Amino acid sequence: MALPNSSDRLANSEVCSLVNALAQAIDRHTRQVSDAVGLTSAQAIALRELPEPRTLRELARRMHCEASNATFVADRLEALGLLERRAHPTDRRAKLLHLTPAGASLRKQVVKRLGTDSPVGRLSDDEQTTLKALLERATAED
């Protein structure tokens, strides 16, 4: 494999810097939204990732965190009356996380607020689709 030349390394560095800046902007936006609805950022992200019942393992994967972190977040959401654990229909070792009516209502609010003034929202639908495909390709595990 050939080593990248200096202009390739510069482009790579610039791309990484821009991706990092985007991640920080999304994080700031998520914190603003979560603060406005009385949640932590992790709790708001968990709600966003629960449009349907999921196991803790699935939630952790979608939140890009360790299962223990997702468990802590789910525990807090459960204590707030926003979700409940139910038996998995086919895996007796697993529980499914179901939003309560209050959780589903708050999820709608969180998703709407996250979509309002989002850094990615500045892009057209086509640009968002292209960005999504590029990020999926860049983050794909071999």
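A few remarks follow.
- Some residue of region 103-123 being modelled with pLDDT under 95, out of contact with any Pro (no Cβ under 7 Å at 6 or more places or on another chain) and among the polar types (S, T, N, Q): yes
- Output for region 40-81, where each listed residue is at positive phi and either part of a helix (DSSP H, G or I) or open to solvent by 60 Å² or more (accessible area, probe 1.4 Å) (or both): 64
- Residue list for region 95-141, filter: of a type in the set (A, V, I, L, M, F, W, C) and within 19 Å of residue 38 (Cα to Cα): 99, 102, 104, 106, 110, 111, 114
- Taken over region 95-108, the criterion of being surrounded by fewer than 15 Cβ atoms within 10 Å (Cβ to Cβ) and either outside any helix (DSSP H, G or I) or not hydrophobic (A, V, I, L, M, F, W, C) (or both) is satisfied by 101, 105, 108.
- Figure legend. Inter-residue proximity from region 41-66: first residues touching a residue at least 60 places away in the same chain (Cβ under 8 Å) and more than 18 Å from residue 25 (Cα to Cα), second residues open to solvent by less than 40 Å² (accessible area, probe 1.4 Å) and of a type in the set (Gly, Ala, Ser), beta-carbon distance below 7 Å, spacing 6+ or different chains. Indicated pairs: 47/103.
- Failed condition for residue 117, given (1) touching a residue at least 60 places away in the same chain (Cβ under 8 Å); (2) open to solvent by 100 Å² or more (accessible area, probe 1.4 Å); (3) in a helix (DSSP H, G or I): (3)
- Filter result for residue 92 (open to solvent by 60 Å² or more (accessible area, probe 1.4 Å), touching a Pro at 6+ places or on another chain (Cβ under 9 Å) and farther than 23 Å from residue 41 by Cβ): no
The values are calculated or read from the model by the stated rules, or taken from the named source; none is laboratory data. For clarity, every value in this text was computed on a predicted model and none was experimentally measured. Positions of Cβ are generated from backbone atoms using ideal geometry, with glycine treated the same way; all protein chains shown enter the neighbour counts. What goes into the accessible areas is simple: the full protein's heavy atoms, side chains included, and nothing from ligands, DNA or RNA. Shrake-Rupley method; radii C 1.70, N 1.55, O 1.52, S 1.80 Å.
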